[in-house]
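Below you'll find the structure, written out as structure tokens, and then a few comments.
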Amino acid sequence: MTYVDGFVLPAPEGKLEAYREMAEKAGKIWMEHGALSYKECVLEDAEPEMPEDAPEKCKITPFRDLANAKDGETVIFAFILYKSRAHRDEVNGKVMADPRMKEACDENNMPFDPSRMTYGGFKTLVDL
């Protein structure tokens with residue numbers, strides 16, 4: 001079964017192009033070091049539709065709420081796919097040691113607030 005690192009973060013709408021450029025550079029590094037897939041996605045359908053008569057406990061939380069996005073921000077949903085957790089640990093070790101990562105992620109000029117990013121490693125439950 002595959003393994004996935006997942007990320008959700010709010011990003012200023014005015015900095016989306018800078019974010020895309022940073023993510024593209026980082027994604028290329030992850031892929032060069034063996035990730036199977038690297039995706040960065042921007043929220044498009046922000047208001048999920050639920051039937052008005054849906055039971056309260058069946059209501060869902062919109063990504064904007066999950067990411068605590070403020071006015072002028074959108075949400076980024078990103079994930080990286082690996083063969084296994086061991087493969088992920090190996091790839092991430094190489095990525096974090098790659099000097100290009102410091103160039104791709106300038107600490108003094110980040111296009112989002114990293115302290116507001118949520119992240120986790122996920123073992124695959126269903127893989128069709």
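Before moving on, here are some points about what is shown:
- Of the residues in region 82-95, at least one is in contact with a helix residue (DSSP H, G or I) (Cβ under 6 Å, 6 or more places away or on another chain), touching a residue at least 24 places away in the same chain (Cβ under 8 Å), closer than 30 Å to M1 by Cβ and surrounded by 15 or more Cβ atoms within 10 Å (Cβ to Cβ).
- Residue that is nearest to E24 (Cα to Cα) [pool: residues in region 34-58 that are of a type in the set (D, E, K, R) and surrounded by fewer than 11 Cβ atoms within 10 Å (Cβ to Cβ)]: E44
- Pair list, Cβ < 9 Å and 6+ apart or interchain, from region 42-58 residues that are part of a loop (DSSP other than H, G, I, E, B) to residues that are among the small types (G, A, S): L43/A67; L43/A69; A46/A69
- Any hit, region 15-33, residues being part of a loop (DSSP other than H, G, I, E, B), modelled with pLDDT under 95 and either surrounded by 11 or more Cβ atoms within 10 Å (Cβ to Cβ) or out of contact with any Gly (no Cβ under 9 Å at 6 or more places or on another chain) (or both): no
- With respect to being out of contact with any helix residue (DSSP H, G or I) (no Cβ under 6 Å at 6 or more places or on another chain) and closer than 27 Å to G93 by Cα, G6 fits the description.
- Complete set of residues in region 12-29 that are under 30 Å from L125 (Cβ atoms) and touching an Asp or Glu at 6+ places or on another chain (Cβ under 6 Å): A23, I29
- Scan region 65-99 for residues that are in a helix (DSSP H, G or I), modelled with pLDDT of 95 or more and of a type outside the set (A, V, I, L, M, F, W, C) and the total you get is 8.
- The one condition in (1) exposed (fewer than 14 other Cβ atoms within 10 Å of the Cβ); (2) under 15 Å from M1 (Cα atoms); (3) modelled with pLDDT of 95 or more that L128 fails to fulfil: (3)
The values are calculated or read from the model by the stated rules, or taken from the named source; none is laboratory data. What you see is a predicted model; the values in this text were computed from it and never measured. Reconstructed Cβ throughout: ideal geometry from the backbone, glycine too, with neighbour counts over all protein chains shown.
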